[in-house]
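Working notes for the structure below.
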Amino acid sequence: MALGFNGGTNVITGLATGGLPDGSVDQDSLASSVNTIIYSDMWRLTSSFDDDSDPISSNWERVDNNGEGVIGAVSAPSSGIWTLPATGIWHIHFHIQGAALNENNAWPSAYIYTTVDNGSNWLKTGIGHQATIDGSASWQYFQVDSHVFLDVADTSNVKFKLTTKNDGSSGNIRTTGNTEENQTFVQMIRLGGT
């Protein structure tokens, strides 16, 4: 009997009780357009720093709290430059948490820069800003997020770096890190093929 599908009722006809025989569909026989997540990794900043950083080049660790998991693995950055382990479309999510001390018009920013020529040229592709205006408070806390969908066609040339910058008119911005909490972090998930 031929298989049929009624889109109005979402019913498949023509299957015997028990469905398809074992082994008739496996990962190798799935359509090439079907993607599975083979990389999902998260790294966090382990200690705080003040002022701008381009790039954030040290104090990164893979999240390691009880219950947090990883699929595949992305290596630590080299001098602040992240190299992804496989080609494909990657979702990069950069989150910073921080504080401004007694500052009017502080404007902490999280940037994701990408390169397709191994760092000869960098493009600011992910941008996140958070305004902190009230300079009367001793500490004003903020969180900023930046996202990029990065097409990694060549792992030798396509890379990214993470930077923090105060784009406002005053200084004293602190980006916070902690070895037990995900305060400032980057998530990297390979969504599918390029």
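The values are calculated or read from the model by the stated rules, or taken from the named source; none is laboratory data. Owing to the predicted nature of the structure, the values given are computational and were not obtained by experimental measurement. Neighbour counts run over all protein chains shown; Cβ positions are idealised from the backbone, glycine included.
For region 47-59, name all the residues that are polar (S, T, N, Q), buried (at least 16 other Cβ atoms within 10 Å of the Cβ) and under 9 Å from G177 (Cα atoms). Steps first, answer last, please.
First pass over region 47-59, keeping only residues polar (S, T, N, Q): 47-48, 53, 57-59.
Add one more test, that the residue is buried (at least 16 other Cβ atoms within 10 Å of the Cβ), and what stays is 48, 53.
Within region 47-59, just S48 meets the criteria.
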Restricting attention to region 61-80, report how many residues are under 22 Å from T194 (Cα atoms) and under 14 Å from the mean Cα position of the chain (by Cα).
-> 5
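Small (G, A, S), out of contact with any Pro (no Cβ under 9 Å at 6 or more places or on another chain) and not in a strand (DSSP E or B): does that describe S156? Explain how you work it out, then say what you get.
Values: small (G, A, S): yes; out of contact with any Pro (no Cβ under 9 Å at 6 or more places or on another chain): yes; not in a strand (DSSP E or B): yes.
Taking the combined requirement at face value, the residue satisfies it.
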Apart from one, (1) aromatic (F, W, Y); (2) at pLDDT below 95; (3) out of contact with any Gly (no Cβ under 8 Å at 6 or more places or on another chain) all hold for F160; the odd one out is (2)
With criteria (1) part of a strand (DSSP E or B); (2) farther than 19 Å from T164 by Cβ, R44 comes up short on (2)
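Search region 139-189 for residues being among the acidic types (D, E) and closer than 16 Å to H129 by Cα, and hand back the single one that is farthest from the chain's Cα centre (by Cα).
Going through region 139-189, the residues among the acidic types (D, E) turn out to be 145, 151, 154, 167, 180-181.
Of the ones still in play, those that are also closer than 16 Å to H129 by Cα are 145, 167.
Numbers: D145: 10, D167: 22 Å.
Only one residue tops the list, namely D167.
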Criterion violated by E68 - all others in (1) more than 21 Å from T176 (Cβ to Cβ); (2) of a type in the set (D, E); (3) at pLDDT below 90 satisfied | (1)
